[in-house]
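These notes are about the structure you will find just below.
Rule-based calculations on the coordinates, nothing more; no lab input. For clarity, every value in this text was computed on a predicted model and none was experimentally measured.
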Amino acid sequence: MSQLSHHIVGGIIALIYVGTISSILWWMLHIPKAGDIEQHVKRIQREAGRFARIVVPVQGDVVSDRLIALASQMAKFRGATMDVLYVVEVPLQLPLDASGNEQAAAEAAFQRAAKIAARYDVKINRRMHKARQAGPSIVEYAREHNVDLLMMGDVAKSNRRGTRYARSVEYVFENAPCEVIIDRPPME
């Protein structure tokens with residue numbers, strides 16, 4: 001009888017050991033979800049909204065062209081509307097309604113954007129704003145028009161603060177009420 005009881009005790013210890021190791025392995029392989037429940041719910045709501053409104057601030061350069069192409073693909077795939085925003089920064093010395101050659105530059109940027117978007121069968125809404133600073137103007141536009149996604153380009157530069165982004169891009173990234181995608185070419 002004593003050998004049988006030793007086998008039973010040994011079997012129980014072995015089962016406890018295997019169960020403990022199995023539970024530890026299961027726990028290690030099941031990574032908990034990141035973020036709290038509010039973040040999870042907001043992400044699901046965003047995904048359900050399907051980025052209904054995409055805004056691309058442009059400057060009429062190659063980086064803007066790349067963003068228009070990407071935004072056009074997203075707009076077509078998601079059935080979204082796409083606004084192309086051209087912000088004219090007016091110096092403090094001039095009144096906001098001062099006129100210059102910005103209308104021609106904006107029109108050229110809009111034509112480039114429309115040509116690229118047409119390749120993807122996407123129509124753009126053209127918007128031109130005059131402001132003292134581009135960043136706050138873009139954020140205000142995003143708030144007023146319930147924008148779901150902002151796609152911005154930036155030319156990589158180093159400045160005194162050591163950052164690589166333009167002041168307007170930093171402002172938008174920190175203050176936008178929606179998701180922001182920033183594209184920049186590699187630094188030389």
Setting aside same-chain residues fewer than 8 positions from Lys76, which aspartates and glutamates have a Cα under 13 Å from its Cα? Asp121
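Once fully extended, how much extra length lies between Arg78 and Ala105, figured as 0.36 nm per residue of separation less the alpha-carbon to alpha-carbon distance?
Between Arg78 and Ala105, full extension yields an extra 6.7 nm.
Subtract the Cα-Cα distance of Val9 and Asp97 from 0.36 nm times their separation in residues, and report this length gain in nm to one decimal.
Extra length available between Val9 and Asp97 comes to 22.7 nm.
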